[in-house]
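Reading through the C-alpha cells given below for one structure.
The values are calculated or read from the model by the stated rules, or taken from the named source; none is laboratory data. Every value quoted in this text rests on a predicted model; they were computed, and no experiment measured them. Ideal geometry is used to build each Cβ from the backbone, glycine not excepted, and the neighbour counts take in all protein chains shown. SASA here: full protein model, heavy atoms, side chains in, ligands and nucleic acids out. Shrake-Rupley method; radii C 1.70, N 1.55, O 1.52, S 1.80 Å.
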Amino acid sequence: MANSLFFHSSLLFFPFVLYSFTVMRWTLFIDADDTLWENFTYFEAARDRFLDWMEKAEFVRDEVNVTLSRIDSERTHEIGFGSMGYREAMRRTMLFFYEKTGRKKTSKDTALLDEIQRSVHLHSVELYPGVADTLQYLRERYPLFLVTKGVEDEQSGKVERADVAGYFKDIFVIPDKTPEHYRELMNKLNISPDESWMIGNSPRSDINPPAEIGMGTVLVKKERAWDFEEVPLKHNGRFHEITDFRQLKEIF
Ligand SMILES: [Mg+2]
C-alpha cells in the first residue's frame with residue numbers, strides 16, 4: 001500500500017517538475033521600436049513634412065501619400081529599414097511625381113530629404129511607462145535578448161539613448177525578421193524555439209515568423225502601425241496579446 005501510494009504521488013509530482021523545469025528555461029526575445037519606445041510617430045511626422053512639401057509644389061497630397069506607401073512597402077525587400085530606407089522611398093516618390101510634370105529636383109529638395117532623414121535617425125528615445133521596471137523584473141527571472149531589425153548604427157544609437165543595454169544578455173540588429181532569421185538566432189544561441197518567446201508590436205515581424213518556427217509569441221498591440229505591418233495574425237497557440245508592456249509581469 002505504501003509503495004503504491006508513493007508510486008501515485010511521484011506520478012503526480014512528475015508533471016509539476018517538468019512544468020517548473022520548462023518555466024525556468026524560458027528565454028525571452030524582445031523587440032525595440034514601438035515595443036519599448038515610440039518610433040512610428042517620428043516616421044509619421046517625417047511623412048507629414050514630406051507631404052506638406054509636395055503639396056506646396058502642387059501635387060495632390062493623397063496621391064503622393066498612396067505612392068509613398070507603395071514604394072515604402074517595397075523598400076523592405078530592396079533598400080532596407082530605417083531612416084535611410086525611408087529617405088530613399090521619399091526620394092523615389094518625389095522623382096515619380098516630378099517626372100510626370102517635367103519638374104527638376106533641386107538642391108532644396110535634397111536638403112529637405114536630408115533634414116527629414118536626420119530627424120528620424122536622431123529622434124529622442126523615451127521608454128514607454130513601466131518598461132524599465134518590467135525589464136528589471138524579467139531579467140531577474142529569464143535571459144533576455146533584444147532583437148531589432150534595421151540598420152546597425154541607427155538601432156544601436158537608439159539602444160544607447162534609451163539606456164537599456166544592461167537588461168539584455170545580448171543585442172541583435174538584424175536586416176529583417178523572417179523565419180530564417182529567427183532560426184539562425186536560435187542556432188547561434190543554441191536555444192530551442194519551444195523554450196523561447198518573442199515579444200513585440202508587429203504581427204508581420206514579431207509574431208508570425210517566430211510562431212512559424214515554434215517560438216511562443218506575445219503581441220504588444222498598438223493602435224497605429226505601418227500599412228505594411230498590417231498582415232493577418234498567425235500564431236501557434238502559444239500566444240498572448242497585451243496592450244501594455246507591464247502586463248508581461250502577469251505572463252512570465
Ligand atoms: Mg517594433
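Pick from Lys221, Lys105, Lys158: which residue has the top mean-square fluctuation in a GNM of the chain where Cα pairs under 10 Å get a spring?
Lys105
Given Cα pairs under 8 Å that are at least 6 residues apart, what percent is the relative contact order of segment 41-121? Show your work: numbers first, answer last.
On the way: 55 pairs, mean separation 30.1, N = 81.
Result for segment 41-121 is 37 percent.
Using a 1.4 angstrom probe on heavy atoms only, work out the carbon and sulfur share of the accessible area of the chain in %. Please report the intermediate quantities before stating the final value.
Details: 7310 of 13520 Å².
For the chain, the apolar C and S fraction of the accessible surface comes to 54 percent.
Using heavy-atom solvent-accessible surface (probe 1.4 Å) with all chains present, what is the largest-first order of Ile191, Ile251? List each step's numbers first, then the result.
Working: Ile191 30, Ile251 50 Å².
Largest accessible area first, the list is Ile251, Ile191.
Tilt of helix 2-24 relative to the longest C-alpha principal axis of the chain, in degrees (0 to 90, nearest 10)?
20
Looking only at the chain, where both bridge partners belong to it, what percent of the DSSP beta bridges are antiparallel (to the nearest 5)? The partial results should precede the final answer.
Numbers: 1 of 22 bridges.
Roughly 5 percent of the beta bridges in the chain run antiparallel, per DSSP.
Would you work out the charge dipole size for segment 41-121 about its Cα centre, treating the Cβ of every Lys and Arg as +1 and the Cβ of every Asp and Glu as -1, and quote it to the nearest 20 debye?
Numbers: 15 positive and 15 negative charges, 56 e Å.
Charge dipole, segment 41-121, about its Cα centre: 260 debye, nearest 20.
So what's the back-of-envelope 222 nm ellipticity for the chain, counting only DSSP H runs of four-plus at -39500 (n - 2.57) apiece and dividing by all residues, rounded to 500?
Details: 10 runs with 133 residues, N = 252.
Counting only the DSSP helices, I get -17000 deg cm²/dmol.
Could you sort 28-37, 230-239, 146-155 so that the peptide with the highest average Cβ count within 10 Å comes first and the rest follow in order?
28-37, 146-155, 230-239
Working from Cα positions, state the angle (0 to 90°, nearest 10) between the long axis of helix 61-78 and the longest principal axis of the chain.
With rounding to tens, the tilt is 50 degrees.
To the nearest 10 square angstrom, what accessible area does Arg91 show with a 1.4 Å probe?
Solvent-accessible area, nearest 10 Å²: 70 Å².
Express in Å², to the nearest 10, the accessible area of Lys108 obtained by rolling a 1.4 Å probe over the protein heavy atoms while all chains stay in place.
The value for Lys108 is about 150 Å².
Pairs of alpha-carbon atoms within less than 8 angstrom and 6+ residues apart define the contacts here; what relative contact order does the chain have, in percent? Can you show the working numbers first?
Working: 330 pairs, mean separation 55.5, N = 252.
It rounds to 22 percent for the chain.
Net charge near Tyr42, counting Lys/Arg +1 and Asp/Glu -1 over other residues with Cβ under 15 Å of its Cβ?
Working: positive: Arg47, Arg49, Arg87, Arg118, Lys158, Arg161, Lys222, Arg224; negative: Asp33, Asp34, Glu38, Glu44, Asp48, Asp72, Glu115, Glu126, Glu154.
Neighbour charge sum, excluding Tyr42 itself: -1.
Using the heavy atoms of the protein chains alone and a 1.4 angstrom probe, what is the accessible area of the chain per residue in square angstrom? Each step should come with its number before you reach the end.
Working: 13520 Å² over 252 residues.
For the chain, the per-residue accessible area is 54 Å².
Whose amide H sits under 5 Å from the amide H of Ile30, counting only residues 5 or more places off or on another chain, with H placed in the peptide plane?
Phe145, Leu146, Val147, Ile199
Shape call for segment 110-187 from the C-alpha gyration tensor, a ≥ b ≥ c root eigenvalues: rounded (a/c under 1.5), prolate (a/b greater than b/c) or oblate?
Details: a/c = 3.07, a/b = 1.38, b/c = 2.24.
Judged from the Cα gyration tensor, segment 110-187 comes out oblate (a/c at least 1.5, b/c at or above a/b).
Kirkwood Rh, Cα Rg: Rg to Rh for the chain?
On the way: Rg = 22.4 Å, Rh = 20.2 Å.
With Rh from the inverse mean 1/r over Cα pairs, Rg/Rh is 1.11.
Give the angle, between 0 and 90 degrees and rounded to the nearest 10, that separates the Cα long axis of helix 40-56 from the longest principal axis of the Cα atoms of the chain.
Helix 40-56 sits roughly 10 degrees off the main axis of the chain.
For Glu152 and Ala57, compute 0.36 nm times the residue count separating them, minus their Cα-Cα distance, and round to one decimal in nm. Working shown, then result.
On the way: separation 95, 0.36 × 95 = 34.20 nm, distance 3.48 nm.
Gain in length upon complete extension: 30.7 nm.
Could you check how many percent of all C-alpha pairs in segment 41-121 are farther apart than 17 Å? Please list the in-between numbers first.
Working: 1277 of 3240 pairs.
Here the long-distance tail beyond 17 Å is 39 percent of all Cα pairs in segment 41-121.
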